[in-house]
Structures are given as structure tokens and as C-alpha cells.
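Participant: Before anything else, here's the structure in question.
The values are calculated or read from the model by the stated rules, or taken from the named source; none is laboratory data. Source: prediction; values computed, not measured. Don't worry about glycine lacking a Cβ; one is built from the backbone with ideal geometry, like all the others, and counts go over all protein chains shown. We work out accessible area using only protein heavy atoms, side chains counted, and drop any ligands, DNA or RNA first. Shrake-Rupley method; radii C 1.70, N 1.55, O 1.52, S 1.80 Å.
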2 protein chains.
Amino acid sequence: MKIYFLSKNEHKLREIRSFLEPYGFEVEIMFEDKVEIQSDSLAEIVKKAVEFVGRRKYAFFAEDAGLFIDHLNGFPGPYSSYAYKTIGIDGILKLMLGVEDRKATFRSAIALFHPKLDEIKVFEGHVEGVISTEKRGTEGFGFDPIFIPRGESRTFAEMSLEEKNRYSHRARAVKKMLDFLLGFKF
Amino acid sequence: MKIYFLSKNEHKLREIRSFLEPYGFEVEIMFEDKVEIQSDSLAEIVKKAVEFVGRRKYAFFAEDAGLFIDHLNGFPGPYSSYAYKTIGIDGILKLMLGVEDRKATFRSAIALFHPKLDEIKVFEGHVEGVISTEKRGTEGFGFDPIFIPRGESRTFAEMSLEEKNRYSHRARAVKKMLDFLLGFKF
């Protein structure tokens, strides 16, 4: 079964394919404009993005993720990619300079449209961890070099994709969508 | 003539009223949900917000503003209110600690719907200045206590509303809308 991904992010595509392809789902990029609203809720952002596309004859989904840092009241949260391209990793480290409470949560939300469903389904995943004091590693993308998941000493960027998938917020959201797709009789 | 403002921000309402009321425009809050998209362009954000409301029998407008800091590649920009409520003024000052280039621009964009117009009109205003090294003043709102307009030594928060209006990005955008409204034969 073919399923379309409303995104132009090749890193995410690679991560998501690694989960869905073993189960026979072929994931393809959907070359359409994605409208993202401003909201504190990732679930709301992806749901609206799918709603704005409207009904299609094929299944498609949108995903959004963000790094929510406790001490910064959830910043950069839903605006993580904007923060990444403006203040960058160094900006986040500067904001966290001298801060003891380094707890943070990586969150992901997926909204799925399927022509045989009446409503848009939302799946969420998260992983708790801490912000490191320096950037480490070259794998992954975005804020991966400064996020250490709970129970680990390495950042996401120091792990292979397979290792990151064991913990990652996106992996958890994708798994929930996969369970739904496998369990639903279309 | 009555004109509606798609916003719940009482500070902005007060500023905007101070310009329009002397010319006979009664500005009222429009109690409807405002959908703001994620975009680097304020003009695009307000235009879409007005489009999402759709056609009405009365004139209404949306306004969005942001503080664009050169050294931070435009951050916090369109996400200034999110940055304000999460990292706050102290967060911005921390990001600017030790930074020599303190240039910044406050930008405002207004999108106007009028039942007698075929298209949504957009008006923009901006003011250049610098980020102060500490917060000063209690007037205004948002990042006013750390923004010093060019040619001044005081921050926006150290000025009365009348003084701020002489420089402000929002004042400039509103004046353009006013000129348009006064010049157009409805």
C-alpha cells in the first residue's frame, strides 16, 4: 500500500520509511504546500495541515515535531525549526548556560487522512531527556546533537538511526500509526 | 464608520484607536478565532488570517508584529509573542550577551478586508533601532523595554504612547491604512 507524506524533509522521510517499509507500506513525498498554523499544540498543527489539503483518493499524513525545554517554558516547542535556523543549537546552549534544570521533551504528532475513514486520526509520541552542555555527534538532524534521552549518556546525534529509533518521539508516533494501519480493516 | 479589529490584544487596540478615532473611525474588537499560519512573512500571516475569516458585510483588519534582530538572523520575528511568553525579555538579553551588533527592526503588517474591495489590502510599517543591554521602562508591552528606536536614547517602554507613535512600526502601518481609507471613495 502506498501512503503519502506531506513534507519535504528527507531526514524525516528516511526515519519514517525505516518503520513502515518492513510492513509493506511504500512512503512517498507529497509535493504540495503544507499550511502550518501557529499553535502551542503539535496535534492541532498537523490536524489542520491535513484538513487544509482536504479529501483525497489516497492515504496521506503530516508530521510535526518539537523540542520542549522545561526551564524555557516549552521553548522552542512548535517553532523548533524556526529557532534552529535563526538562533541555532548555539542559541539554545546560550539560553541554557548556567541552568541546572536541563529537562526537555522531544514531541512528535502525526495526523493521518485515509479515504476510508470519516475523521483525521492523530498519533503522538514523546521522549524525555536532558539538554547536554555541549553539542556532540554528527548523526540525525536539528537539535539531535544536544538531546540526551533518559537512560542514555549519548545524544541522539551520537546514535545510529536504529539506536535513535529505539527512543525517538517520531518513532513512537509512527509506531502508533503503524499499529492503527495494521489493525484497521480497510 | 465602524471597523473591526481581528485581535484580542487590548494594548494594540489602544494604539490603533489613538490613530483612527480622530478621523471618525470607530474601532471594535472582532470576537472571532484568528488563524495564524507559520511563515517568515508578517504580510503573509495577516493576509491569510483575513482570508480564513472570509467575506463579511463590514470592514475588518488583522495586524501582526515582530521584533527582527539582525545578529539572531531575524529571531524572534513572527514568533515574537511565543518567544515573549516562553524565554521572555531576559531570554533575548541572554542571547544578546556580549554581542556587539545590536541592530534590530520592529515590523508590523496589517491586512484589511473591505466589502467594497475585490482584494485584501496589505500595509506594512517598520522602525529600525537597537536592542538595549538591559530592560528599561514600564510603558508599552512585549519587547518595548529593550528596543531603542534610531535617533533616541530611550526604549519604547520609556515613552508615552504619543511619543512611541511618532516612531512605531505599528503606527506607520496604521497610518498607511488610514491614508488608504481616507483616499478611497467607498
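Participant: Take residue B:128 and tell me if it is modelled with pLDDT of 95 or more and touching a Leu at 6+ places or on another chain (Cβ under 9 Å). Even if it seems obvious, please write down each step before you answer.
Facilitator: Details: modelled with pLDDT of 95 or more: yes; touching a Leu at 6+ places or on another chain (Cβ under 9 Å): no.
Judged against the criteria, residue B:128 is not a match.
Participant: OK, next. Is there a residue in the stretch B:30-48 that is open to solvent by 80 Å² or more (accessible area, probe 1.4 Å), out of contact with any helix residue (DSSP H, G or I) (no Cβ under 9 Å at 6 or more places or on another chain) and among the acidic types (Asp, Glu)? Give the steps one after another, and end with the answer.
Facilitator: Going through the stretch B:30-48, the residues open to solvent by 80 Å² or more (accessible area, probe 1.4 Å) turn out to be B:31, B:33, B:40, B:44, B:47.
Cutting the leftovers down to out of contact with any helix residue (DSSP H, G or I) (no Cβ under 9 Å at 6 or more places or on another chain) gives us B:31, B:44, B:47.
Checking the rest, the ones that are also among the acidic types (Asp, Glu) come to B:44.
Looking for residues that are open to solvent by 80 Å² or more (accessible area, probe 1.4 Å), out of contact with any helix residue (DSSP H, G or I) (no Cβ under 9 Å at 6 or more places or on another chain) and among the acidic types (Asp, Glu), one finds at least one in the stretch B:30-48, hence yes.
Participant: Would you mind stating whether residue B:25 is open to solvent by less than 30 Å² (accessible area, probe 1.4 Å), among the aromatic types (Phe, Trp, Tyr) and away from chain A (no Cβ under 14 Å)?
Facilitator: Details: open to solvent by less than 30 Å² (accessible area, probe 1.4 Å): yes; among the aromatic types (Phe, Trp, Tyr): yes; away from chain A (no Cβ under 14 Å): yes.
Yes; evaluated as a whole, the condition is true for this residue.
Participant: Which is farther than 22 Å from residue B:91 by Cα and free of Cβ contacts under 8 Å to residues at least 40 places away in the same chain, of A:28, A:63, A:15? Spell out how you get there, then give the answer.
Facilitator: On the way: A:63 fails: free of Cβ contacts under 8 Å to residues at least 40 places away in the same chain; A:15 fails: free of Cβ contacts under 8 Å to residues at least 40 places away in the same chain.
It is A:28.
Participant: Just the residues that are closer than 30 Å to residue B:58 by Cβ and buried (at least 17 other Cβ atoms within 10 Å of the Cβ), please, taken from the stretch B:127-147. Lay out the reasoning, then the answer.
Facilitator: Kept after step one, since they are closer than 30 Å to residue B:58 by Cβ, are these residues of the stretch B:127-147: B:140-142.
Hits for the stretch B:127-147 are B:140, B:142.
Participant: Could you list, in sequence order, all residues of the stretch A:50-72 that are open to solvent by less than 10 Å² (accessible area, probe 1.4 Å), more than 10 Å from every other protein chain (Cβ to nearest Cβ) and not in a loop (DSSP other than H, G, I, E, B)?
Facilitator: A:50, A:60, A:61, A:62, A:63, A:66, A:67, listed by residue number.
Participant: Would you call residue A:89 within 14 Å of chain B (Cβ to nearest Cβ), closer than 24 Å to residue A:11 by Cβ, among the aliphatic types (A, V, I, L, M) and touching a residue at least 24 places away in the same chain (Cβ under 8 Å)?
Facilitator: Numbers: within 14 Å of chain B (Cβ to nearest Cβ): yes; closer than 24 Å to residue A:11 by Cβ: yes; among the aliphatic types (A, V, I, L, M): yes; touching a residue at least 24 places away in the same chain (Cβ under 8 Å): yes.
Criteria met by residue A:89.
Participant: Being among the hydrophobic types (A, V, I, L, M, F, W, C), more than 19 Å from residue B:48 (Cα to Cα) and open to solvent by 10 Å² or more (accessible area, probe 1.4 Å) narrows it down to one of B:113, B:106, B:75, B:123, so name that one.
Facilitator: Details: B:113 fails: more than 19 Å from residue B:48 (Cα to Cα); B:75 fails: open to solvent by 10 Å² or more (accessible area, probe 1.4 Å); B:123 fails: more than 19 Å from residue B:48 (Cα to Cα).
Result of the check over B:113, B:106, B:75, B:123: B:106.
Participant: Those residues that are open to solvent by 40 Å² or more (accessible area, probe 1.4 Å) and either over 27 Å from residue B:99 (Cβ atoms) or not small (Gly, Ala, Ser) (or both), I need them from the stretch A:89-101; list them, please.
Facilitator: A:90, A:94, A:97, A:100, A:101 - these are the residues of the stretch A:89-101 that are open to solvent by 40 Å² or more (accessible area, probe 1.4 Å) and either over 27 Å from residue B:99 (Cβ atoms) or not small (Gly, Ala, Ser) (or both).
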